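The values are calculated or read from the model by the stated rules, or taken from the named source; none is laboratory data. Bear in mind the structure is a predicted one, so any value in this text is a computation, not a measurement. Heads up, the Cβs are rebuilt from the backbone with ideal geometry, glycines too, and the neighbour counts pull from every protein chain shown. Note: areas computed on protein heavy atoms with side chains; ligands, DNA, RNA excluded. Shrake-Rupley method; radii C 1.70, N 1.55, O 1.52, S 1.80 Å.
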Amino acid sequence: MSLVYSEEQRLLADTAAEFLLARSPVAAQRRLRDEGKAEGFGDALWKEMVDMGWSAIPFPEALGGLAFGCMGLGAVFESMGRNLSASPLLSSIVLGGTLIELAGSEAQQAEWMPQLIAGDKRMALALDEKPRHDPAATALRAERHGNGWLLQGDKRFVADGVGADAFIVVARSAGAPGERDGLSLFLVPADAPGLQVSPMQMIDSRNHAQLRLDGVRVDACALIGEEGGAWGPLDAALDRSRACLAAELLGMTQNLFDTTVEYLKTRVQFDVPIGSFQALQHRAAWCYAHLHLARSAVMAGLAAMDDPKLDAAGRARLASLAKWKAGDAAHRISREAVQMHGGMGVTDELDVGLFLKRIRVAQAELGDADFHCDRYGEFVEAQ
Amino acid sequence: MSGIDDFRKETRAWLGANCPASMRGPMPDGELVWGGSEVEFKSEDQRLWFERMRDKGWFCPDWPKEYGGGGLSPEQNAVLEAEMRRLKCRPPQINLGIWMLGPVILEFGSEAQKRALLPPMARGEIRWCQGFSEPNAGSDLASLKTSAVDAGDHFVVNGTKIWTSYGDKSDWMYMLVRTDPDASKQQGISLLVVDMKSPGIEARPIDLISGKSSFCQVFFDNVKVPKRQLVGPLNGGWTLAKALLQHERRAMSKFGEFSLPNHVDLLSVAARYLPPADAGTSAEVALRARALAMAMDEHAYTLTAQRMGEEMRARQDVSGLMAIMKLVHSEQEKDKLEVLLDVMGHRALGWEGDAFDSSELALTRAWLGSFAQTIAGGSSEVQLNVIAKRVLGLPEGKQGK
Ligand SMILES: Cc1cc2nc3c(=O)[nH]c(=O)nc-3n(C[C@H](O)[C@H](O)[C@H](O)COP(=O)(O)OP(=O)(O)OC[C@H]3O[C@@H](n4cnc5c(N)ncnc54)[C@H](O)[C@@H]3O)c2cc1C
């Protein structure tokens, strides 16, 4: 397992950095926010990302993918973080596509993979129900109905849910909330009768939705994978996404850190640059150290996803470490970034605030610090 | 390229045949072998590994053969290091001379000094100590006052060094002395090597809070040091000292990659003293969460050491990474041991006797010992200054360097 990008991955990282800086700089994100577009990302940009092949990166060639691995994907997400670029790459490809790849039938794969990879259709994962991410707590009921299913319940915090063509709904077909057994995945088209999708406007101005499923009926063929056996593929898809989200957090944090150090060198008070004050120097140096620790954890998380020698527990442990440490560094550095910019730091004019808000959401998404700390412990003790 | 491939094959075979199984894997603190005139081995395997590596010239594989080294090219040396890492071979000995002074003599020493000092060093026959710090010169090392006065064919040294690790167990010392009291701070310093058996030297161990006495105050009372023991130019010692400290940092980071001595597995201790995750009071649950977070940060550090090694081998610039390693590791160790103290409650507060088992007593001592690590080898604050200025390029403040 290597913790540095290979030559090819570095090349992709450079291309992504160059492309996003030109086509999707932070200013573009600010514009999207000001326009108040519920979709939260630009269709044209997404199309270009697709054309560059990014939506095919993680999938095997047999499914129309590039088999380029999560490490390659991580390089893209890091760049997206640096530029604060919004796109459905995580929701539709890494979450949706991975679930179809890992749990879908041949027919489902044949129908969905080409459309997802081509960006013709978009999927979103409807998982969270409670205020905090907790997949096992899923309560939304799935009951047999004729030879299909009846779905009843609510979903929240569905990333890129507004305007999605279909949802993968995680539902409980057996057992009680808190149990890992008894979860099933259902493919629900956005126009299914009884499904209501409404936006949740959140601090990061991205696309989040809440879903109400009021007696939604689906056919037997809407079931993805085994009835009651969703946990394995779901957890694996979540881990891939957690590692990618950690890379996005790392990119955002790196950007905030660089900007802040630059400000320390240029802002003058008491006739000297504020970066000459030791109180600030030491805090900046600590930020630098934590950023390095986070980078190592993120690289390990990404590499773990591509490592066939690791079992699911080994992968889970490193995905949780990556998400936890990237969130931790992002938390420390975003706080310092605001504080060290003084009054400027709390203005909307400065980009720091946009990063702060997105970081806070990305920290909570797919599991916050407490969640991943617990999960890491569980896998250590299992060993 | 076939040359290097052959070398890899030979090296792999030689290490496989000559590195005893017990000399592979992490090295507990108590099992360090210190090279020197009174080298001690705790096992036959330790002796074998020491002697075999010595006879191969691989205590210092990349030094020229004529000075007792292995004569390997940088490329071959990298192969040897990689192969040793692959087999998890421990370093056959710890020797400040080889790691820190040797490279400085190779770069700055005279031919005669190289011939006299390097071969015995390369055979691990001399234990070296470092005489830099003084009672009034710690972080501000350049304010040191121990004097060396020109007396014809020798210097006369007077003054005192402090915090000299293993000053009482070492054969020789390399030391910084003031040779020009009138020059500006950094300009009047020279580097001497001194036989610790010279008349007029006294090393007094200093008791530490951990009860272990690993360092000394060393007094110099009219000690005669032959002029041939001046390394590098007169009054040019500061440059050598900086180079030496750089080698120290490099050795430490390489060492850290091989093995982490003193390693306590936080989570296994926590598992022993705390109830399982789904039981326990809310205080115990909170404590368990603290222990986990600490273990995760430690894991991130281990991965960082691994990443630094990989980046180094890929010839990337790792100076920034290198600058954080000592800071992070020593601060984490301190935090971690404090979490363990909380986990173990009063079981972690024993000093000696049978009321506590030996692993508990060892942990308590490790906690007391951990305080020294954020001071020795450049305090955490000094490390932060270095990162802020040299790595981040922040401007010099008004508070000195
Ligand atoms: C276990 C151990 C082994 C050692 N081994 C050796 C050895 O073998 N040989 C040897 O020569 N020395 C050795 N030392 C000495 C070590 O290098 C010094 O202790 C160290 O450089 C600090 O110096 P000091 O103790 O005088 O503390 P001081 O320099 O007096 O520092 C006191 C406090 O002030 C802070 N401080 C000082 N300057 C600054 C600044 N510019 N900005 C912010 N804060 C500052 C320090 O961080 C510290 O917290 C050893 C020390 C220890 C603890």
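Would you check which residues across the stretch B:302-329 are open to solvent by less than 50 Å² (accessible area, probe 1.4 Å) and more than 7 Å from chain A (Cβ to nearest Cβ) and list them?
Looking only at the stretch B:302-329, we keep the residues that are open to solvent by less than 50 Å² (accessible area, probe 1.4 Å), and these are B:303-305, B:307-311, B:318, B:320-325, B:327-328.
Result: B:305, B:308, B:309, B:318, B:320, B:322, B:323, B:325.
Can you give me the number of residues within the stretch B:64-117 that are outside any helix (DSSP H, G or I) and under 20 Å from the mean Cα position of the chain (by Cα)?
Number satisfying all stated conditions: 8.
Any chance the stretch A:361-376 includes a residue that's assigned to a loop (DSSP other than H, G, I, E, B), farther than 21 Å from residue A:257 by Cβ and without any contact (Cβ under 8 Å) to a residue 60 or more places away in the chain?
no
Among the residues of the stretch B:127-146 satisfying the criterion of being of a type in the set (S, T, N, Q), outside any helix (DSSP H, G or I) and more than 6 Å from the ligand (Cβ to nearest atom), which is most open to solvent (accessible area, probe 1.4 Å)?
In the first step, residues of the stretch B:127-146 are kept if they are of a type in the set (S, T, N, Q); the result is B:130, B:133, B:136, B:139, B:143, B:146.
Within this subset, residues satisfying the condition of being outside any helix (DSSP H, G or I) are B:130, B:133, B:136, B:139, B:146.
Remaining after also requiring more than 6 Å from the ligand (Cβ to nearest atom): B:136, B:146.
Details: B:136: 130, B:146: 3 Å².
The qualifying residue most open to solvent (accessible area, probe 1.4 Å) is B:136.
Determine whether residue A:295 is more than 10 Å from chain B (Cβ to nearest Cβ), crowded, with 17+ Cβ neighbours inside 10 Å and not polar (S, T, N, Q).
Working: more than 10 Å from chain B (Cβ to nearest Cβ): no; crowded, with 17+ Cβ neighbours inside 10 Å: yes; not polar (S, T, N, Q): yes.
Judged against the criteria, residue A:295 is not a match.
Yes or no: residue B:345 assigned to a helix (DSSP H, G or I), small (Gly, Ala, Ser) and under 21 Å from residue A:5 (Cβ atoms)?
no
Restricting to the stretch B:33-63, give me the number of residues that are surrounded by 15 or more Cβ atoms within 10 Å (Cβ to Cβ), in a loop (DSSP other than H, G, I, E, B) and in contact (Cβ under 8 Å) with a residue 40 or more places away in the chain.
Of the residues in the stretch B:33-63, 8 are surrounded by 15 or more Cβ atoms within 10 Å (Cβ to Cβ), in a loop (DSSP other than H, G, I, E, B) and in contact (Cβ under 8 Å) with a residue 40 or more places away in the chain.
Just checking, how many residues over the stretch B:173-191 are closer than 12 Å to residue B:235 by Cβ and assigned to a strand (DSSP E or B)?
Result for the stretch B:173-191: 6.
Got a sec? Which helices (runs of 4 or more DSSP H) wholly within the stretch A:1-73 have at least 2 residues that are among the polar types (S, T, N, Q)?
A:7-23
Going through B:219, B:255 one at a time, which residue ends up being among the aromatic types (Phe, Trp, Tyr), at pLDDT 90 or above and not in a loop (DSSP other than H, G, I, E, B)?
Exactly one of B:219, B:255 is among the aromatic types (Phe, Trp, Tyr), at pLDDT 90 or above and not in a loop (DSSP other than H, G, I, E, B), namely B:219.
Can you tell me how many residues in the stretch B:147-163 are among the charged types (D, E, K, R), touching a strand residue (DSSP E or B) at 6+ places or on another chain (Cβ under 8 Å) and open to solvent by 30 Å² or more (accessible area, probe 1.4 Å)?
The number of residues fulfilling the criteria is 1.
Among the residues that make up the stretch B:381-401, is at least one of them open to solvent by less than 60 Å² (accessible area, probe 1.4 Å), near the ligand (Cβ under 8 Å from one of its atoms), under 22 Å from the mean Cα position of the chain (by Cα) and among the small types (Gly, Ala, Ser)?
For the stretch B:381-401, residues open to solvent by less than 60 Å² (accessible area, probe 1.4 Å), near the ligand (Cβ under 8 Å from one of its atoms), under 22 Å from the mean Cα position of the chain (by Cα) and among the small types (Gly, Ala, Ser): absent.
Return the residue satisfying two criteria in turn: it lies in the stretch B:196-238 and is polar (S, T, N, Q) and over 16 Å from residue B:131 (Cβ atoms), and of such residues it is most open to solvent (accessible area, probe 1.4 Å).
Applying the filter and picking the extreme gives B:222.
Tell me, which residue of the stretch B:232-249 that is more than 14 Å from residue B:109 (Cα to Cα) and not aromatic (Phe, Trp, Tyr) is modelled with the lowest pLDDT?
Across the stretch B:232-249, the extreme among qualifying residues is B:249.
What tally of residues in the stretch B:147-170 results from selecting those that are within 16 Å of the ligand (Cβ to nearest atom), in contact with an Asp or Glu (Cβ under 9 Å, 6 or more places away or on another chain) and of a type in the set (S, T, N, Q)?
Number satisfying all stated conditions: 1.
Would you confirm whether or not the stretch A:266-275 contains a residue that is over 19 Å from residue A:359 (Cβ atoms), within 16 Å of the ligand (Cβ to nearest atom) and polar (S, T, N, Q)?
no
Of the residues A:319, A:337, A:329, which is of a type in the set (A, V, I, L, M, F, W, C), within 27 Å of residue A:137 (Cα to Cα) and either part of a helix (DSSP H, G or I) or open to solvent by 10 Å² or more (accessible area, probe 1.4 Å) (or both)? It would help to see each step written out before you state the result.
Values: A:337 fails: within 27 Å of residue A:137 (Cα to Cα); A:329 fails: within 27 Å of residue A:137 (Cα to Cα).
Step by step, each of A:319, A:337, A:329 is checked, and only A:319 is of a type in the set (A, V, I, L, M, F, W, C), within 27 Å of residue A:137 (Cα to Cα) and either part of a helix (DSSP H, G or I) or open to solvent by 10 Å² or more (accessible area, probe 1.4 Å) (or both).
Please verify whether residue A:126 is under 18 Å from the mean Cα position of the chain (by Cα), closer than 22 Å to residue A:215 by Cβ and touching a residue at least 60 places away in the same chain (Cβ under 8 Å), treating the condition exactly as stated.
For residue A:126, the condition - under 18 Å from the mean Cα position of the chain (by Cα), closer than 22 Å to residue A:215 by Cβ and touching a residue at least 60 places away in the same chain (Cβ under 8 Å) - is met.
Tally time: how many residues in the stretch A:235-259 are open to solvent by less than 10 Å² (accessible area, probe 1.4 Å) and over 14 Å from the mean Cα position of the chain (by Cα)?
2
Can you name every residue in the stretch B:273-301 that is in contact (Cβ under 8 Å) with a residue 12 or more places away in the chain, more than 8 Å from chain A (Cβ to nearest Cβ) and hydroxyl-bearing (Ser, Thr, Tyr)? Don't jump to the end; show me each part of the working.
Pass one, the stretch B:273-301, residues in contact (Cβ under 8 Å) with a residue 12 or more places away in the chain: B:273-274, B:287-288, B:290-292, B:294-295, B:297-298, B:301.
Subsequent filtering for residues that are more than 8 Å from chain A (Cβ to nearest Cβ) retains B:273-274, B:287, B:290-291, B:294, B:298.
The one that is in contact (Cβ under 8 Å) with a residue 12 or more places away in the chain, more than 8 Å from chain A (Cβ to nearest Cβ) and hydroxyl-bearing (Ser, Thr, Tyr): B:273.
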